[in-house]
1. Sticking with the crude label model, points 7 Å out along Cα→Cβ, report the distance from Leu356 to Lys274 in nm, one decimal please.
2. Can you list residues from other chains, or at least 5 along the same chain, whose modelled amide H is less than 5 Å from the amide H of Ile215?
3. Relative contact order for the chain using alpha-carbon pairs under 8 Å, separation at least 6, rounded to a whole percent?
4. Would you kindly compute the Cα radius of gyration of the range 89-163 and its largest Cα-Cα separation (Dmax), both in Å?
5. Taking one equal scatterer on every alpha-carbon of the range 119-243, how large is log10 of I(q)/I(0) by Debye at q = 0.11, 0.12, 0.15, 0.17 1/Å?
6. If you take the alpha carbon radius of gyration of the range 308-364 and divide it by 2.2 N^0.38 Å, what ratio comes out, to two decimals?
7. Of the listed peptides 343-352, 303-312, what is their order by residue-averaged count of other C-beta atoms within 10 Å, with the highest listed first?
8. What is the angle, in °, between the Cα long axis of helix 24-33 and the longest principal axis of the Cα atoms in the chain? Nearest 10 is fine, range 0 to 90.
Amino acid sequence: MTSDILSGKKIILGVTGCIAAYKACYIVRELVKRGAEVKVAMTQSAVEFITPLTLATLSKNDIIVNTFPNQKEGRGLNTWHIDVALWADLFIIAPATVNTIAKIAHGFADNALTTLISARRAPMIVSPAADACMYESGINLENILKLKKLGVYILDAEIGELASGLEGMGRLPEIEKIMDAAEIVLSGHLRDFEGKKILVSAGPTFEDIDPVRFIGNRSSGKMGYEIAKAAYLRGADVTLISGPSSENVYQEINKISVRSADEMKNEVNTQLEKNDLLIMAAAVADYRPKQFVKQKIKKEENFNKIELEKTDDILSGIKTKGKNIVGFALESNDELANAKKKIESKNLDMIVLNSLNDASSGFEFDTNKVTIIKRDGSQKNIPLMSKFQVANQILSEIIKL
Ligand code: CTP
């Protein structure tokens, strides 16, 4: 069993008044599912969009709306705001309206939620949502910037269709991304990759035999995608070069889709110029058919032999100097020795070793167990955990390079 970082954590969810308030139900449900204890504080405007009863039922806790609770509410002492604020390991304000953002940025404490925030010691994620006209207003952007400077973790809104029917920036991110951000903040990573440009490769490559058949491998791409997501949430500017994969990635990540080892090589070489660091998580084919048959091979042809040739090794061919290069190694025997050889032969700063002998890790799983080996020979064993957590461990070693 792997442990969820959110398990056992005490979280205050602040809900403010905009149409995205209905998504607070899903946030609460997911936090509770992951083992967190959740107390919800709502503004009066939020109550116009969603009932406290709904959130009380989902969170299994009373909802905080009034600054001055009546006797029946059971908050008791008149220092409830201090007690509840100090109880929390994390504050998540989602959705956060321009109004509440302005209040927090200027230290107002004029309702139960902002009063709680003013007494907070725990880290805070603010996830703004508004129509694009409001979101992109100069004063809102300035307030958001101010909060960033004060160490608040801003989970930027996404571009998409808005309640007004307009397309633009202002959508509350998907629940999964809010959970990922919560994991990042609770692990204390915050924005340690700010200003870094990171190139990640992921997924398998497909080497075509004819227009319908190909040689592929069982890589899902998940490990590389999780690295890309974690790096973005830690502040990096991320480009992801992906072979065929059904994984999804955040819209802020510049994703380039490729199919073959050759296409991946060309993209890696072009993109690396613009990036500080390469994490090569892709399972690149070592062989491809020598010839591509342009028309579908028919059964009657009694086709029984595919001649293969080696693909180029992308890592070994990298010419760009002064960049940190991280590779992966998938081994079934003599794992450590083989991985160490690859550090030398591919001229890497670090390699992440995946053993095919470890249960619940590798291609088909959401979890992984790896060993991180650096060029100086030092190594770190990462026990079985979610691929997102493994991604964060890998990034934490990379930042030390
Ligand atoms: N790799 C690469 N180009 C290739 C094959 C692999 O750049 N044509 C990279 C992978 O992305 C990974 C590392 O090299 O980061 C090691 O890949 P792996 O499959 O473990 O090793 P190979 O070099 O293919 O050697 P072998 O299959 O013999 O273990």
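1. About 3.7 nm separates the two model spin labels.
2. For Ile215, whose amide H was placed from the backbone, the distant partners under 5 Å are Glu207, Asp208, Ile209.
3. Here the relative contact order equals 11 percent.
4. 11.9, 36
5. Normalising to I(0) and taking log10 leaves -0.52, -0.60, -0.83, -0.98.
6. Working it through for the range 308-364, the quotient is 1.26.
7. 343-352, 303-312
8. 70
The values are calculated or read from the model by the stated rules, or taken from the named source; none is laboratory data. Keep in mind that what you see is a predicted model, and the values were worked out from it rather than measured. Cβ coordinates were reconstructed from backbone atoms using ideal geometry, including for glycine residues, and neighbour counts include every protein chain displayed. Calculation scope for accessible area: heavy atoms of the full protein, side chains included, ligands and nucleic acids excluded. Shrake-Rupley method; radii C 1.70, N 1.55, O 1.52, S 1.80 Å.
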